[in-house]
Amino acid sequence: MKPILVFQTDFTYKEGAVSSMYGVVKTVDRELEIMDGTHELPQYDTWSASYRLYQSLQFWPEGTIYVSVVDPGVGTKRRACVAKTVDGYYIVTPDNGSLTHVKRFIGIEAVREIDESVNRLRGKGTEGVAIFHGRDLFGYTAARLASGIIDFEGVGPEYPVEEIVEHEILEPVIEKGKVQGIFEINDPNFGNLWTNIPLKAFEEAGFSYGQNVQVTVRHNGEVKFDKNVLFHKSFGYAEKGAPMVYNNELMKIALAVSQGSFCEEYGLNYGPEWTVEFGQ
(Lines give C-alpha, C1' and ligand atoms only; values in the text may rest on other atoms or scores of the structure.)
Protein backbone atom coordinates (compact mmCIF):
# COMPACT_ATOMS: atom_id res chain seq x y z
CA MET A 1 0.00 0.00 0.00
CA LYS A 2 1.34 3.41 -0.98
CA PRO A 3 1.79 6.11 1.69
CA ILE A 4 -0.85 8.78 2.21
CA LEU A 5 0.11 12.35 1.30
CA VAL A 6 -1.07 15.02 3.75
CA PHE A 7 -0.70 18.71 2.88
CA GLN A 8 -0.63 21.77 5.12
CA THR A 9 0.04 25.29 3.80
CA ASP A 10 -0.80 28.96 4.23
CA PHE A 11 -2.23 29.11 0.68
CA THR A 12 -5.98 29.03 1.53
CA TYR A 13 -8.46 27.94 -1.17
CA LYS A 14 -8.94 31.43 -2.62
CA GLU A 15 -7.03 30.67 -5.82
CA GLY A 16 -5.53 27.71 -7.64
CA ALA A 17 -2.34 26.98 -5.67
CA VAL A 18 -3.64 23.96 -3.77
CA SER A 19 -5.35 22.56 -6.87
CA SER A 20 -2.10 22.91 -8.84
CA MET A 21 -0.11 21.01 -6.22
CA TYR A 22 -2.62 18.19 -6.20
CA GLY A 23 -2.62 18.09 -10.00
CA VAL A 24 1.14 17.57 -9.97
CA VAL A 25 0.78 14.71 -7.50
CA LYS A 26 -1.87 13.00 -9.64
CA THR A 27 0.23 13.53 -12.78
CA VAL A 28 3.03 11.58 -11.11
CA ASP A 29 0.74 8.80 -9.87
CA ARG A 30 -3.07 8.80 -10.07
CA GLU A 31 -3.32 6.17 -7.35
CA LEU A 32 -1.84 8.38 -4.65
CA GLU A 33 -4.21 9.39 -1.86
CA ILE A 34 -4.14 13.08 -0.96
CA MET A 35 -5.54 14.45 2.29
CA ASP A 36 -5.74 17.98 3.66
CA GLY A 37 -4.19 18.92 6.96
CA THR A 38 -5.02 22.61 6.74
CA HIS A 39 -4.51 25.39 4.23
CA GLU A 40 -5.37 28.10 6.75
CA LEU A 41 -2.03 28.42 8.54
CA PRO A 42 -1.18 32.06 9.34
CA GLN A 43 0.72 33.57 6.41
CA TYR A 44 4.52 33.27 6.66
CA ASP A 45 4.25 31.83 10.19
CA THR A 46 6.76 28.96 10.34
CA TRP A 47 6.21 28.59 14.10
CA SER A 48 2.55 27.71 13.49
CA ALA A 49 3.55 25.34 10.68
CA SER A 50 5.90 23.58 13.08
CA TYR A 51 3.31 23.33 15.85
CA ARG A 52 0.53 22.02 13.60
CA LEU A 53 2.87 19.32 12.29
CA TYR A 54 3.56 18.24 15.85
CA GLN A 55 -0.15 18.42 16.67
CA SER A 56 -1.31 16.06 13.93
CA LEU A 57 1.56 14.00 12.46
CA GLN A 58 1.55 11.21 15.03
CA PHE A 59 -2.13 10.41 14.44
CA TRP A 60 -1.58 9.38 10.81
CA PRO A 61 -0.47 5.86 9.81
CA GLU A 62 3.24 5.15 9.97
CA GLY A 63 4.91 5.97 6.66
CA THR A 64 2.62 8.93 5.92
CA ILE A 65 4.31 11.69 3.93
CA TYR A 66 3.47 15.17 5.23
CA VAL A 67 3.99 18.15 2.92
CA SER A 68 4.27 21.37 4.90
CA VAL A 69 4.64 24.60 2.94
CA VAL A 70 4.90 27.90 4.78
CA ASP A 71 7.80 29.39 2.92
CA PRO A 72 8.57 33.12 3.25
CA GLY A 73 12.08 32.42 1.91
CA VAL A 74 10.93 30.58 -1.22
CA GLY A 75 13.42 30.81 -4.08
CA THR A 76 16.35 31.77 -1.85
CA LYS A 77 19.25 29.65 -0.57
CA ARG A 78 17.21 28.21 2.31
CA ARG A 79 17.22 24.41 2.14
CA ALA A 80 14.33 22.40 0.73
CA CYS A 81 14.34 19.06 2.47
CA VAL A 82 12.74 15.75 3.37
CA ALA A 83 13.05 14.71 7.01
CA LYS A 84 12.51 11.16 8.26
CA THR A 85 11.25 10.85 11.83
CA VAL A 86 12.38 8.20 14.28
CA ASP A 87 8.98 6.52 14.00
CA GLY A 88 8.85 6.31 10.22
CA TYR A 89 7.10 9.45 8.96
CA TYR A 90 8.41 11.73 6.21
CA ILE A 91 8.08 15.51 6.11
CA VAL A 92 8.67 17.43 2.88
CA THR A 93 9.21 21.09 3.73
CA PRO A 94 11.46 24.12 3.58
CA ASP A 95 14.03 23.92 6.38
CA ASN A 96 13.05 27.22 7.96
CA GLY A 97 11.89 26.37 11.47
CA SER A 98 8.94 24.24 10.36
CA LEU A 99 10.57 21.10 11.81
CA THR A 100 11.17 22.57 15.28
CA HIS A 101 8.51 20.75 17.31
CA VAL A 102 8.79 17.43 15.48
CA LYS A 103 12.54 17.39 16.04
CA ARG A 104 12.16 18.30 19.73
CA PHE A 105 9.19 16.17 20.77
CA ILE A 106 9.09 13.28 18.26
CA GLY A 107 12.63 13.01 16.90
CA ILE A 108 14.19 13.19 13.45
CA GLU A 109 16.38 10.30 12.33
CA ALA A 110 17.76 11.82 9.12
CA VAL A 111 17.25 14.75 6.77
CA ARG A 112 18.11 15.17 3.08
CA GLU A 113 18.23 18.25 0.88
CA ILE A 114 16.09 17.93 -2.25
CA ASP A 115 18.21 17.63 -5.39
CA GLU A 116 16.44 19.99 -7.80
CA SER A 117 18.32 18.60 -10.78
CA VAL A 118 16.39 15.34 -10.30
CA ASN A 119 13.34 16.11 -8.15
CA ARG A 120 11.85 19.21 -9.74
CA LEU A 121 8.82 19.35 -12.03
CA ARG A 122 9.77 19.51 -15.72
CA GLY A 123 7.85 19.81 -18.94
CA LYS A 124 5.15 22.24 -17.78
CA GLY A 125 6.96 25.43 -18.70
CA THR A 126 7.68 26.32 -15.07
CA GLU A 127 11.42 25.69 -15.00
CA GLY A 128 12.09 29.41 -14.47
CA VAL A 129 9.56 29.84 -11.66
CA ALA A 130 11.17 30.51 -8.27
CA ILE A 131 8.09 31.40 -6.20
CA PHE A 132 6.08 28.15 -6.13
CA HIS A 133 8.17 25.35 -4.65
CA GLY A 134 5.01 23.92 -3.11
CA ARG A 135 4.01 22.79 -6.58
CA ASP A 136 7.29 22.44 -8.48
CA LEU A 137 9.48 20.97 -5.74
CA PHE A 138 7.71 19.84 -2.57
CA GLY A 139 4.55 18.37 -4.08
CA TYR A 140 6.50 16.78 -6.93
CA THR A 141 9.17 15.25 -4.68
CA ALA A 142 6.56 13.97 -2.23
CA ALA A 143 4.66 12.28 -5.06
CA ARG A 144 7.82 10.63 -6.39
CA LEU A 145 8.67 9.37 -2.91
CA ALA A 146 5.14 8.08 -2.24
CA SER A 147 4.86 6.34 -5.61
CA GLY A 148 8.20 4.56 -5.19
CA ILE A 149 9.90 6.30 -8.12
CA ILE A 150 12.57 7.36 -5.62
CA ASP A 151 13.43 6.13 -2.12
CA PHE A 152 14.57 8.36 0.72
CA GLU A 153 18.17 8.21 -0.47
CA GLY A 154 16.97 9.38 -3.90
CA VAL A 155 15.74 12.69 -2.46
CA GLY A 156 19.23 14.17 -2.44
CA PRO A 157 22.30 14.53 -0.21
CA GLU A 158 21.98 13.95 3.53
CA TYR A 159 23.03 16.66 5.95
CA PRO A 160 23.38 16.61 9.76
CA VAL A 161 20.15 16.68 11.77
CA GLU A 162 21.91 19.20 14.03
CA GLU A 163 21.85 21.71 11.15
CA ILE A 164 18.04 21.78 10.96
CA VAL A 165 16.79 25.34 11.51
CA GLU A 166 14.89 25.61 14.79
CA HIS A 167 12.83 28.17 16.65
CA GLU A 168 13.60 28.60 20.33
CA ILE A 169 11.28 26.55 22.55
CA LEU A 170 10.87 28.00 26.03
CA GLU A 171 10.52 25.65 29.00
CA PRO A 172 7.96 26.22 31.76
CA VAL A 173 9.10 26.99 35.30
CA ILE A 174 7.60 24.56 37.82
CA GLU A 175 7.49 25.20 41.58
CA LYS A 176 5.32 23.88 44.38
CA GLY A 177 2.00 25.71 44.09
CA LYS A 178 3.11 27.84 41.11
CA VAL A 179 3.75 27.28 37.41
CA GLN A 180 4.95 29.82 34.82
CA GLY A 181 4.87 29.40 31.06
CA ILE A 182 3.86 31.01 27.79
CA PHE A 183 0.99 30.76 25.36
CA GLU A 184 2.67 28.89 22.50
CA ILE A 185 -0.30 28.64 20.11
CA ASN A 186 -4.04 29.24 19.89
CA ASP A 187 -7.06 27.31 18.72
CA PRO A 188 -8.12 29.78 16.01
CA ASN A 189 -11.62 28.37 15.60
CA PHE A 190 -12.67 28.43 19.25
CA GLY A 191 -10.35 31.12 20.58
CA ASN A 192 -8.62 29.01 23.22
CA LEU A 193 -4.98 29.58 24.20
CA TRP A 194 -2.61 26.65 24.69
CA THR A 195 0.37 26.88 27.03
CA ASN A 196 3.70 25.06 27.01
CA ILE A 197 2.91 23.49 30.40
CA PRO A 198 2.36 19.70 30.41
CA LEU A 199 -0.53 18.39 32.50
CA LYS A 200 1.86 16.13 34.41
CA ALA A 201 3.98 19.09 35.52
CA PHE A 202 0.85 21.05 36.43
CA GLU A 203 -0.36 18.22 38.64
CA GLU A 204 3.07 17.74 40.19
CA ALA A 205 2.98 21.41 41.19
CA GLY A 206 -0.14 20.62 43.23
CA PHE A 207 -3.04 21.53 40.94
CA SER A 208 -6.05 19.23 40.48
CA TYR A 209 -9.41 19.22 38.69
CA GLY A 210 -12.14 21.22 40.40
CA GLN A 211 -9.64 23.56 42.02
CA ASN A 212 -9.67 27.36 41.79
CA VAL A 213 -6.47 28.61 40.17
CA GLN A 214 -5.17 32.17 40.21
CA VAL A 215 -4.28 32.97 36.59
CA THR A 216 -2.15 35.99 35.65
CA VAL A 217 -1.40 36.77 32.00
CA ARG A 218 1.21 39.36 31.02
CA HIS A 219 2.19 40.85 27.68
CA ASN A 220 5.77 42.12 27.74
CA GLY A 221 5.47 42.24 31.51
CA GLU A 222 2.19 44.20 31.64
CA VAL A 223 -0.74 42.41 33.32
CA LYS A 224 -3.58 41.79 30.87
CA PHE A 225 -5.62 39.20 32.79
CA ASP A 226 -5.70 38.40 36.50
CA LYS A 227 -8.54 36.21 37.71
CA ASN A 228 -9.38 33.22 39.85
CA VAL A 229 -10.43 30.47 37.42
CA LEU A 230 -11.65 26.89 37.86
CA PHE A 231 -9.58 23.98 36.50
CA HIS A 232 -11.95 21.64 34.65
CA LYS A 233 -11.46 18.34 32.83
CA SER A 234 -13.70 19.45 29.94
CA PHE A 235 -15.78 22.37 28.70
CA GLY A 236 -19.15 21.00 29.82
CA TYR A 237 -18.21 21.39 33.49
CA ALA A 238 -17.98 25.20 33.20
CA GLU A 239 -20.88 27.63 33.06
CA LYS A 240 -21.49 29.20 29.64
CA GLY A 241 -19.34 32.31 29.27
CA ALA A 242 -17.06 31.44 32.19
CA PRO A 243 -13.26 31.35 31.77
CA MET A 244 -11.68 28.00 32.58
CA VAL A 245 -8.38 26.17 32.77
CA TYR A 246 -8.36 22.74 31.08
CA ASN A 247 -6.15 19.94 29.72
CA ASN A 248 -6.01 20.17 25.92
CA GLU A 249 -5.72 17.48 23.26
CA LEU A 250 -1.92 17.37 23.56
CA MET A 251 -1.98 16.95 27.34
CA LYS A 252 -1.00 20.57 27.96
CA ILE A 253 -2.68 23.23 30.06
CA ALA A 254 -4.90 25.68 28.19
CA LEU A 255 -7.36 28.52 28.80
CA ALA A 256 -10.82 28.87 27.31
CA VAL A 257 -14.19 30.54 27.73
CA SER A 258 -16.98 27.98 27.82
CA GLN A 259 -18.89 28.35 24.51
CA GLY A 260 -16.96 31.53 23.77
CA SER A 261 -13.55 32.85 22.72
CA PHE A 262 -10.94 33.45 25.39
CA CYS A 263 -8.79 35.41 22.92
CA GLU A 264 -11.60 37.75 21.88
CA GLU A 265 -13.17 38.12 25.32
CA TYR A 266 -9.94 39.29 26.96
CA GLY A 267 -7.88 40.58 24.00
CA LEU A 268 -5.08 38.03 24.43
CA ASN A 269 -2.78 36.28 21.97
CA TYR A 270 0.15 33.86 21.83
CA GLY A 271 3.92 34.07 21.47
CA PRO A 272 6.98 34.25 23.75
CA GLU A 273 6.00 37.75 24.92
CA TRP A 274 2.69 36.37 26.29
CA THR A 275 3.46 34.79 29.67
CA VAL A 276 1.05 33.04 32.02
CA GLU A 277 1.39 32.22 35.71
CA PHE A 278 -0.80 29.80 37.66
CA GLY A 279 -0.90 29.99 41.45
CA GLN A 280 -2.87 28.62 44.36
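Quick notes on this structure:
- Within the stretch 180-207, restricting attention to residues that are free of Cβ contacts under 8 Å to residues at least 40 places away in the same chain and in a helix (DSSP H, G or I), the residue that is farthest from LEU255 (Cα to Cα) is GLU204.
- ALA254, sole failed condition from (1) of a type in the set (Gly, Ala, Ser); (2) touching a strand residue (DSSP E or B) at 6+ places or on another chain (Cβ under 7 Å); (3) farther than 24 Å from ALA49 by Cβ: (3)
Matching residues to (1) under 23 Å from the mean Cα position of the chain (by Cα); (2) assigned by TED's automatic domain parsing to the domain that holds TYR270; (3) surrounded by fewer than 19 Cβ atoms within 10 Å (Cβ to Cβ):
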| residue | (1), (2), (3) |
| --- | --- |
| GLU116 | no, no, yes |
| ARG122 | no, no, yes |
| PHE138 | yes, no, no |
| ALA143 | yes, no, no |
| SER147 | no, no, yes |
| GLY156 | no, no, no |
| GLU168 | yes, no, yes |
| ILE182 | yes, yes, no |
| PRO188 | yes, yes, yes |
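- GLY128 meets the conditions (1) in a loop (DSSP other than H, G, I, E, B); (2) in the same structural domain as ARG30 (by TED's automatic domain parsing); (3) small (Gly, Ala, Ser); (4) surrounded by 13 or more Cβ atoms within 10 Å (Cβ to Cβ) in every case but one. The failed one is (4).
- Candidates in the stretch 90-109 are the residues that are surrounded by 16 or more Cβ atoms within 10 Å (Cβ to Cβ) and among the hydrophobic types (A, V, I, L, M, F, W, C); of these, the one that is nearest to SER20 (Cα to Cα) is VAL92.
- Taking (1) farther than 18 Å from GLU158 by Cβ; (2) out of contact with any helix residue (DSSP H, G or I) (no Cβ under 7 Å at 6 or more places or on another chain) in turn, PHE105 satisfies each apart from (2).
The values are calculated or read from the model by the stated rules, or taken from the named source; none is laboratory data. From a predicted model like this one, the values you see are computed outputs, not experimental measurements. Positions of Cβ are backbone-derived with ideal geometry, glycine not excepted, and every protein chain shown enters the neighbour counts.
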